[in-house]
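What follows is one structure encoded as structure tokens, with my remarks underneath.
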Amino acid sequence: MQSKVIVDTNFRRMDEIFSPADQQRLHGLVDVVWGQDERMPRAEFLRALPQAEAIICAGWRYGDVLDRAENLRAIMDVSGGFPQDLDYEACYRRRIRVLSAAPGFARQVAEFSLGLAIASCREIAYGDRLMRAGQEQYLWDGNVGTYLLYDQPVGIIGYGSIARALHPLLAPFGVTISAYDPWLGDGYLRRQGVEPLPLEQLLATSRFIFVLAVPSRENRAMLTRELLELIRPGAVLILSSRAHVVDFDALTELVLAGRFKLATDVFPIEPLPADHPIRGAEGALLSAHRAGSVDQGMVELGEMVVDDLEAVIQSLPPRRLQMAEPELSLRYTSNRAKAPEDS
């Protein structure tokens with residue numbers, strides 16, 4: 001008899017994350033319960049829960065029901081982070097693995113972050129706007145204030161899966177890389193080829209600053225006005241993880257004042273209000289949360305899920321998804337931006 005697995009990925013569509021080949025693999029591997037784009041009705045979920053060996057979901061919205069999950073081995077979250085409102089202690093006690101597909105976004109976001117950095121220092125979007133307005137300047141005159149990524153000091157805040165995917169992309173540019181990550185030891189960071197630095201020193205000395213930290217209960221608005229004021233004139237702050245970690249009001253004021261450049265794919269409220277002042281900042285390169293969610297990259301999430309599901313039902317350890325750790329799981333917070341109605 002095949003293992004029963006609840007598949008309830010709403011808000012994500014099934015064909016968004018599972019290629020046809022991986023959907024076929026999934027159905028050949030387990031007895032899929034639900035597996036539709038619409039949200040699974042709670043009553044149907046509770047009926048299926050006692051027999052389910054795994055749950056593939058996009059966040060935990062089922063409440064305190066783990067006592068009914070008699071056969072559960074794994075909870076696999078495809079939202080991009082770890083599920084909130086889940087009893088992690090019960091999961092650890094009962095050896096239920098909690099897994100996140102967050103690493104599936106790493107290459108997508110890393111590639112886009114590199115693009116933001118180059119577009120900012122070379123003022124590519126700004127030059128395009130001038131060209132369309134008939135105000136362009138050619139050659140030397142059009143490059144006043146621009147500079148290269150090559151041979152520059154780079155700082156990375158949060159050395160997780162995105163940073164590890166970004167690092168080899170930066171290597172051809174001959175940059176020196178420092179990192180700040182309070183969840184990682186200095187020895188580990190040095191073995192990754194980066195120099196650990198205190199946050200203040202990283203901000204003051206880097207010409208490119210990539211903010212890639214996962215949102216946690218400890219780092220809300222971690223980059224305060226006082227810290228942002230340490231950034232050297234003309235540097236670029238690339239914000240690709242979540243606006244959660246920055247005092248965005250202070251950031252906006254400093255960028256409007258021309259203190260440094262900003263390239264951001266994320267905002268504290270999404271969609272960004274039409275009258276938000278960051279929209280008028282010449283020194284800002286703005287993107288509507290597009291670093292991830294590329295078709296070619298999204299199907300990697302489904303591939304990772306099916307690969308690890310295959311391991312779980314064979315009583316083997318999963319290798320591709322990120323596993324929740326007791327030391328960190330209670331420190332994570334939501335990875336979703338506020339909607340306008342929540343503000």
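Just one of the listed residues (ASP85, ASP128) is of a type in the set (Asp, Glu) and either touching a Cys at 6+ places or on another chain (Cβ under 6 Å) or at pLDDT 95 or above (or both), namely ASP128. Could we say that ARG12 is within 22 Å of MET323 (Cβ to Cβ) and in a helix (DSSP H, G or I) here? Taking the combined requirement at face value, the residue does not satisfy it.
Is it the case that GLY115 is within 28 Å of the chain's Cα centre (by Cα) and free of Cβ contacts under 8 Å to residues at least 12 places away in the same chain? The answer is yes for GLY115. Taking the criterion of being modelled with pLDDT under 95 and assigned by TED's automatic domain parsing to the domain that holds ILE231, would at least one residue in segment 145-153 satisfy it? Looking for residues that are modelled with pLDDT under 95 and assigned by TED's automatic domain parsing to the domain that holds ILE231, one finds at least one in segment 145-153, hence yes.
Number of residues in segment 27-73 that are hydrophobic (A, V, I, L, M, F, W, C), surrounded by 12 or more Cβ atoms within 10 Å (Cβ to Cβ) and part of a helix (DSSP H, G or I): the value is 6. One residue alone among LEU228, LEU254, LEU239 is free of Cβ contacts under 8 Å to residues at least 60 places away in the same chain and out of contact with any strand residue (DSSP E or B) (no Cβ under 8 Å at 6 or more places or on another chain), and that residue is LEU254. One residue alone among VAL294, VAL245 is in contact with a Gly (Cβ under 9 Å, 6 or more places away or on another chain) and in contact (Cβ under 8 Å) with a residue 12 or more places away in the chain, and that residue is VAL245.
Of the residues making up segment 1-13, those that are surrounded by fewer than 17 Cβ atoms within 10 Å (Cβ to Cβ) and under 13 Å from VAL305 (Cα atoms) number 0. For VAL299, are the conditions met, namely being buried (at least 17 other Cβ atoms within 10 Å of the Cβ) and either under 26 Å from LEU321 (Cα atoms) or touching a helix residue (DSSP H, G or I) at 6+ places or on another chain (Cβ under 9 Å) (or both)? Judged against the criteria, VAL299 is a match. For first residues located in segment 258-278 and in contact (Cβ under 8 Å) with a residue 12 or more places away in the chain, partners that are surrounded by fewer than 13 Cβ atoms within 10 Å (Cβ to Cβ) and lie 6+ apart or on another chain with Cβ distances below 6 Å form the pairs ILE269/PRO340; ILE269/SER343. Applying the condition of being farther than 18 Å from THR333 by Cβ and aliphatic (A, V, I, L, M) to segment 200-219 and asking which residue is surrounded by the most Cβ atoms within 10 Å (Cβ to Cβ) yields ILE209.
MET222 falls short on exactly one of the conditions (1) over 16 Å from the mean Cα position of the chain (by Cα); (2) surrounded by 14 or more Cβ atoms within 10 Å (Cβ to Cβ); (3) touching a residue at least 60 places away in the same chain (Cβ under 8 Å), and that condition is (3).
Restricting the search to helices (runs of 4 or more DSSP H) fully inside segment 174-228 and requiring at least 3 residues that are aliphatic (A, V, I, L, M) and at pLDDT 95 or above gives 199-205. Put simply, of ASP8, ASP64, ASP37 the only residue that is acidic (Asp, Glu) and closer than 21 Å to ALA102 by Cβ is ASP8.
The values are calculated or read from the model by the stated rules, or taken from the named source; none is laboratory data. The model shown is predicted, which means the values in this text are computed figures rather than measured ones. All Cβ positions, even for glycine, are placed from backbone atoms using ideal geometry, and neighbour counts span all protein chains on display.
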